[in-house]
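Take a look at the structure set out below.
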Amino acid sequence: MKNIKFYISLMTVLLFVTSCFKSEEEQMQDFQEGATLANVTPVSTVYIISDLENSSTAFTIDVEGEFQEIIVYANHIRTNTIGIIATYTEVPSDTVRLSTADVLEPLGMSLSDLESTDEIYININVVTPSGLEAGSGTSAYKTVVACPSDIAGTYNVLASGSSTDPGPSADENPISGFEYQVTLTAINGYQYTISDFSGGLFTLWYDIYNLSGDYPGTIQDLCGALSYTGTSGPFGSPIAGSGSYDKETGVIKLSGEATAWGDVWTLTLTPVE
C-alpha cells in the first residue's frame, strides 16, 4: 500500500513538472512563431532645451506576427526614472510623435526638471500572445536634451598628432600643421558625420598598409561641447575625444585618440568661406 501511494505521489509530481516544462516550451514556441521583436526607426531624437514645449521625439514601429500589446518605455538616465509612456494593441500605421511633456508626465517629471545633455532612452517591447515581453537593440533608441546646433559645412583642417606605430616616416610622425579638408553632414539635431575623423592623419601615417581616402566618423554637439561618438578606426580601434565650437568664429577644435593603442591628434577646423 505504501508503495502504491509512493508511486501515485511520484507520478503526480512528474506530471506537474512535465506540465510546467511543456507550458514554458509552448510559450517559447509561441514567441518564436508569433510576434517578432519590434524594429523601431527613430525619426526625431532631440529635445531643444530652449524650446521644450514644441520639441518631440518621433519613431515608426514594425512588428510582424501576432502580439497582445506593444509597450513603449522611457528611461531618464540621470535620475534613473522609468515609466510606460504609451501602449498599442495594433501596430501604428503612421509615425508616432510624442511631445516632451508626453514623455515626461508618466515619469512624474516636468519640463523644468530637464537639464541640457540629459539622455532619455526609448524602449519598445512586444508582448506575445502567451504573455512574454521582450525587447532588443533594434527596439530602442536614445534621445537627448540639446541646444540648437548648426555646424554642418565644409572646413579647412590643420591637424597635428603622433602615431604609436614605428612604420610611418620621421617627417610624418609626429606631424604638425598638416592641411586637409573635411565636411560635416547633419545626421539629426545634434550629431554629424565628419568625412574623416582624423583630419587625414590615418591615411598619411598608414598608407604603408594600403590605407587611402577618407575614414568617416561621428561627432556630437551638446550645447557647444563636442565629442566623438560611435566611431571606430580602419583597424578596429574605438575613437574617443572631445572638443569645442566657437560661435563667434565658427572654428571647431577636436582632440582625438585611438584608444586601443594610443595614436593621438588635434584638429582645428575653420569654415570654408
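When the test is whether a residue is surrounded by 17 or more Cβ atoms within 10 Å (Cβ to Cβ), acidic (D, E) and outside any loop (DSSP other than H, G, I, E, B), D214 does not pass it. Pairs linking a residue in the range 128-145 that is over 15 Å from A38 (Cα atoms) to a residue that is in a helix (DSSP H, G or I), with Cβ atoms under 8 Å and 6 or more positions apart or on different chains, are S130/E26; S130/Q27; S130/D30; S130/F31; G131/Q27; T143/V103; V145/I49; V145/L52. Any idea how many residues of the range 64-88 are assigned to a loop (DSSP other than H, G, I, E, B) and either at pLDDT 95 or above or within 17 Å of V43 (Cβ to Cβ) (or both)? Qualifying residue count for the region: 4.
Report whether or not S160 is outside the structural domain of L211 (by TED's automatic domain parsing), out of contact with any Leu (no Cβ under 7 Å at 6 or more places or on another chain), in contact (Cβ under 8 Å) with a residue 24 or more places away in the chain and among the small types (G, A, S). Even if it seems obvious, please write down each step before you answer.
Numbers: outside the structural domain of L211 (by TED's automatic domain parsing): no; out of contact with any Leu (no Cβ under 7 Å at 6 or more places or on another chain): yes; in contact (Cβ under 8 Å) with a residue 24 or more places away in the chain: yes; among the small types (G, A, S): yes.
Taking the combined requirement at face value, the residue does not satisfy it.
Taken over the range 67-81, residues that are surrounded by 14 or more Cβ atoms within 10 Å (Cβ to Cβ), β-branched (V, I, T) and touching a strand residue (DSSP E or B) at 6+ places or on another chain (Cβ under 6 Å) amount to 3. Just one of the numbered conditions (1) in contact with a Gly (Cβ under 9 Å, 6 or more places away or on another chain); (2) loosely packed, with under 15 Cβ neighbours inside 10 Å is not true of S93: (1). Looking across P148, P168, one residue alone is surrounded by fewer than 17 Cβ atoms within 10 Å (Cβ to Cβ) and either in a loop (DSSP other than H, G, I, E, B) or touching a strand residue (DSSP E or B) at 6+ places or on another chain (Cβ under 6 Å) (or both). It is P148. Give me the residue from the range 176-202 that is assigned to a strand (DSSP E or B) and of a type in the set (S, T, Y) and, out of that set, nearest to P238 (Cα to Cα). That would be T193. Please state which of the following conditions N173 fails to meet, knowing it meets all the rest: (1) polar (S, T, N, Q); (2) in a loop (DSSP other than H, G, I, E, B); (3) assigned by TED's automatic domain parsing to the domain that holds G65. Failing condition for N173: (3). Among the numbered conditions (1) surrounded by fewer than 16 Cβ atoms within 10 Å (Cβ to Cβ); (2) touching a helix residue (DSSP H, G or I) at 6+ places or on another chain (Cβ under 9 Å); (3) not assigned by TED's automatic domain parsing to the domain that holds I71, the only one that F178 does not meet is (1). Residues in the range 193-207 that are surrounded by fewer than 23 Cβ atoms within 10 Å (Cβ to Cβ) and closer than 18 Å to G230 by Cβ: T193, S195, D196.
Yes or no: the range 190-205 includes at least one residue that is modelled with pLDDT under 95 and under 20 Å from the mean Cα position of the chain (by Cα). Yes.
Any residue at all in the range 85-94 that's touching a helix residue (DSSP H, G or I) at 6+ places or on another chain (Cβ under 8 Å) and not aliphatic (A, V, I, L, M)? No: zero hits. Listed by first and then second residue, the pairs with beta-carbon distance under 8 Å, at least 6 apart or on different chains, first residue in the range 73-99 and more than 24 Å from S112 (Cα to Cα), second part of a loop (DSSP other than H, G, I, E, B), are T89/Q68; V91/V63. For the range 112-142, taking the residues that are in contact with an Asp or Glu (Cβ under 7 Å, 6 or more places away or on another chain) and either at pLDDT 95 or above or assigned to a loop (DSSP other than H, G, I, E, B) (or both), the one that is surrounded by the most Cβ atoms within 10 Å (Cβ to Cβ) is identified as T128.
The values are calculated or read from the model by the stated rules, or taken from the named source; none is laboratory data. Every value quoted in this text rests on a predicted model; they were computed, and no experiment measured them. Cβ: placed from backbone, ideal geometry, glycine included. Neighbour counts: every protein chain shown.
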